[in-house]
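**Student:** Quick one: structure below, then a few questions.
Values in this text are rule-based calculations from the coordinates and carry no lab data. Everything numeric in this text was worked out from a predicted model, so none of it was measured. Cβ sites come from the backbone with ideal geometry, for glycine too, and all protein chains shown count toward neighbours.
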Amino acid sequence: MHETSLARQMLDAVLQRAKAHGASRVREVRGWVAETESLSPDSLSFHFAAHARGTKAEGARLLLELIHVEARCRACNRTYAPEHHLLLCPACGSTDGEQLRQTGLAVTSIDVE
């Protein structure tokens, strides 16, 4: 499952940051996931919690905001919501588009003790 490996990578990054700051415990992790990724924030949270057992992040809450991504067609200038990473304009059928927001997922902050 894709979410489990991504949750593990997020946890590793969080633990490295916490260690660099001398934290004894991670309480909360905030971030975002783009809707184009077809990832479930709930599933990511579940896998994050499972991987965090026995670490400084055990019991930490993972709060992910689902962000909406829009694209703009370079051919007709229409703004639309792309499906996954497919930039296909629903108005003119062009595939020459640009995404107007970041895709993927990111950790934006962590609360530590």
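**Student:** If the chain between Glu113 and Glu35 were fully stretched, how many nm would it gain, using 0.36 nm times the residue separation less the Cα-Cα distance?
**Tutor:** 24.9 nm
**Student:** If you don't mind, there's one more thing I want to ask. Along the charge dipole of the chain, pointing to its positive end and built from +1/-1 on Cβ of Lys, Arg, Asp and Glu, which listed residue (Pro82, Leu105, Leu15) has its Cα farthest out?
**Tutor:** The residue sitting most towards the positive pole is Leu15.
**Student:** Excluding His68 itself, what net charge comes from residues whose Cβ is under 11 Å from its Cβ, given Lys and Arg +1 and Asp and Glu -1?
**Tutor:** So the surrounding residues net to -2.
**Student:** Two-decimal Rg/Rh of the range 1-107 from alpha-carbon positions, Kirkwood Rh?
**Tutor:** With Rh from the inverse mean 1/r over Cα pairs, Rg/Rh is 1.13.
**Student:** Here's something else I'd like to know. What is the helix-to-structure angle for 41-52, meaning the angle in degrees between its Cα long axis and the longest Cα principal axis of the chain, kept from 0 to 90 and rounded to the nearest 10?
**Tutor:** 30 degrees
**Student:** Each residue of the range 84-101 in order: what ³J(HN,Hα) in whole Hz does its phi give by Karplus 6.51 cos²θ - 1.76 cosθ + 1.60, θ = phi - 60°, with x for Gly and Pro?
**Tutor:** Once θ is set to phi - 60°, the couplings for the range 84-101 become 6, 10, 7, 9, 10, 5, x, 8, 10, x, 5, 9, 8, x, 10, 7, 8, 9 Hz.
**Student:** Return the calculated 222 nm mean residue ellipticity for the chain, to the nearest 500 deg cm²/dmol, obtained by summing -39500 (n - 2.57) across DSSP H runs with n ≥ 4 and dividing by the residue count.
**Tutor:** On the way: 2 runs with 31 residues, N = 113.
-9000 deg cm²/dmol, from helical runs alone.
**Student:** May I ask you to list the trypsin sites (Lys or Arg not before Pro) in the range 1-56 that are in a DSSP loop and have at most 15 other Cβ atoms within 10 Å of their Cβ?
**Tutor:** Arg25, Arg53
**Student:** Contact order normalised by length for the chain, with contacts defined as Cα pairs under 8 Å and 6 or more residues apart; what percent is it? Don't jump to the answer; show the numbers that get you there.
**Tutor:** Details: 217 pairs, mean separation 38.1, N = 113.
For the chain, the relative contact order is 34 percent.
**Student:** What does the C-alpha gyration tensor say about the overall shape of the range 31-70? Classify as rounded when a/c is under 1.5, otherwise prolate if a/b is larger than b/c, or oblate.
**Tutor:** In terms of gyration-tensor shape, prolate.
**Student:** Any chance you could give the angle, 0 to 90 degrees and rounded to 10, that helix 2-20 forms with the longest Cα principal axis of the chain?
**Tutor:** 50 degrees
**Student:** Evaluate the charge dipole of the chain about its Cα centre and quote only its size in Debye, nearest 20, assuming +1 on the Cβ of each Lys and Arg and -1 on the Cβ of each Asp and Glu. Could the numbers behind the result be given before it?
**Tutor:** Details: 13 positive and 14 negative charges, 74 e Å.
Charge dipole of the chain: 360 debye, to the nearest 20.
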